[in-house]
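The next block holds one structure in the form of structure tokens; read it before the comments.
The values are calculated or read from the model by the stated rules, or taken from the named source; none is laboratory data. The structure presented is a predicted model; accordingly, all values stated were derived computationally and were not measured. Cβ placement follows ideal geometry from the backbone for every residue including glycine, while neighbour counts extend to all protein chains displayed.
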Amino acid sequence: MNYERAHELLEAEFTRVHDLLDHTSADATAERTGANDQGDMSDSAEPLIAEQEGAAVSASLRQRLAAIERAQQRLLANTYGFSVRSGQPIPDERLEADPAAELTVDEALSALGYSAVIFEPPPSPHHLD
């Protein structure tokens, strides 16, 4: 993948995730403010659960921003598009889908405890005769 396209993808992803993080933070602030309002207190755990969910989403978005920043550093170091684990090239299709990808698909699956599975269609009914 060329530098310009990689830069464009990373900037777009950074902006998208940053905007989501801003929106999540604003929602959390509004929920905390709303929890202090007088009104129906039928489920006092609801605000706490919502706050915990918001914190988890925010943490995930911050991790994604960090991954994008690492990818931007790899782009500047001319190592973008190569696995940080093996140095193997990451296909452009994967980088288009996930511009911050650090591993090949096989490596990412392995890190999650899966092995790459090649789909083999079932035998045709004619082979059963």
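Take the conditions (1) within 30 Å of residue 102 (Cβ to Cβ); (2) modelled with pLDDT under 90; residue 40 misses just one of them, which is (1). Within region 108-119, residues that are under 18 Å from residue 84 (Cα atoms) and part of a helix (DSSP H, G or I) have Cβ atoms under 6 Å from residues that are at pLDDT below 85 and among the aliphatic types (A, V, I, L, M) in these pairs: 109/116, counting only partners at least 6 apart in sequence or on another chain. The set of residues in region 84-104 that are part of a loop (DSSP other than H, G, I, E, B) and out of contact with any helix residue (DSSP H, G or I) (no Cβ under 6 Å at 6 or more places or on another chain) comprises 84, 86, 87, 88, 90, 91, 98, 102, 103, 104.
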